[in-house]
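The values are calculated or read from the model by the stated rules, or taken from the named source; none is laboratory data. If you're wondering where the values come from, they're calculated on a predicted model, not measured in any experiment. Don't worry about glycine lacking a Cβ; one is built from the backbone with ideal geometry, like all the others, and counts go over all protein chains shown.
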Amino acid sequence: MRIAVIDCFDSFTFNLVHYLEQMCEKVDCIRCDCVDISTLNQYDGIILSPGPGIPSETPKLYAILEEWSTTKPILGICLGHQAIGTYFGLELLNMPEVHHGINRPTTVVAENEILFRNIPSEFLSARYHSWVVSSPVKNSQVRITAIDGNGSVMGISHCQYNIKGVQFHPESILTDYGYQLLQNWVDSI
């Protein structure tokens with residue numbers, strides 16, 4: 001299995017790559033400003049990494065979704081999650097309190113969500129963000145899969161395609177079951 005990790009200039013990207021290297025035959029880390037979107041056809045799955053800023057400041061994330069969302073499994077983490085959410089019509093909301101390097105309880109709210117297979121319905125997840133996506137409206141293409149104690153969206157899944165997003169960092173040691181979550185995504189490809 002070949003995975004492309006689109007690096008959005010985040011210090012956690014290589015933690016993610018190193019986890020995935022234990023699960024996959026080949027993992028290529030490609031900087032978001034250098035990615036040739038057409039060459040992503042050679043990969044079995046794509047991960048949109050965490051990174052600074054907001055998705056509109058990294059427009060190639062939207063171009064990747066435009067090109068591959070109907071044919072490739074895609075996992076978005078933090079910034080990547082926000083890109084998926086906003087691409088499919090959710091709003092980006094600035095949080096009143098910045099979460100940086102803390103873990104908070106996350107609750108799985110979607111039964112049978114593949115990302116959370118063999119993971120307790122509540123676990124601690126590492127948070128490094130000041131933005132969240134809004135809850136989907138009726139007839140949205142995405143559904144909520146996980147929330148935090150304030151009801152903020154911590155996970156989404158596309159209703160038709162294998163596109164998932166998590167606001168938290170599964171590659172952080174502060175996240176319980178992060179390795180399992182990534183393995184679940186790889187197994188879903």
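Which of (1) part of a helix (DSSP H, G or I); (2) within 21 Å of Ile114 (Cα to Cα) does Ile46 not meet, given it meets every other one?
Condition (1) is where Ile46 drops out.
Of the residues Val35, Val5, Val27, which is at pLDDT 95 or above, among the hydrophobic types (A, V, I, L, M, F, W, C), surrounded by 13 or more Cβ atoms within 10 Å (Cβ to Cβ) and more than 23 Å from Asn184 (Cα to Cα)?
Val35
Restricting to the range 93-115, name every residue that is modelled with pLDDT of 95 or more and within 14 Å of Gln167 (Cβ to Cβ).
Scanning the range 93-115 gives Pro105, Thr106, Thr107, Val108, Val109, Leu115.
Looking only at strands (runs of 3 or more DSSP E) that lie completely in the range 108-185, which have at least 3 residues being surrounded by 24 or more Cβ atoms within 10 Å (Cβ to Cβ) and of a type in the set (Ser, Thr, Tyr)?
So the answer is none; nothing clears 3.
Take the residues of the range 75-107 that are part of a loop (DSSP other than H, G, I, E, B) and either touching an Asp or Glu at 6+ places or on another chain (Cβ under 9 Å) or touching a residue at least 60 places away in the same chain (Cβ under 8 Å) (or both): which is surrounded by the most Cβ atoms within 10 Å (Cβ to Cβ)?
Cys78
Return the only residue of Val137, Val132, Val142 being among the β-branched types (Val, Ile, Thr), at pLDDT below 95 and under 29 Å from Phe9 (Cβ atoms).
Result: Val132 is the single residue among Val137, Val132, Val142 that is among the β-branched types (Val, Ile, Thr), at pLDDT below 95 and under 29 Å from Phe9 (Cβ atoms).
Could you pull out the residue among Ser11, Ser49 that is modelled with pLDDT of 95 or more and of a type in the set (Gly, Ala, Ser)?
Criteria check complete, one pass: Ser49.
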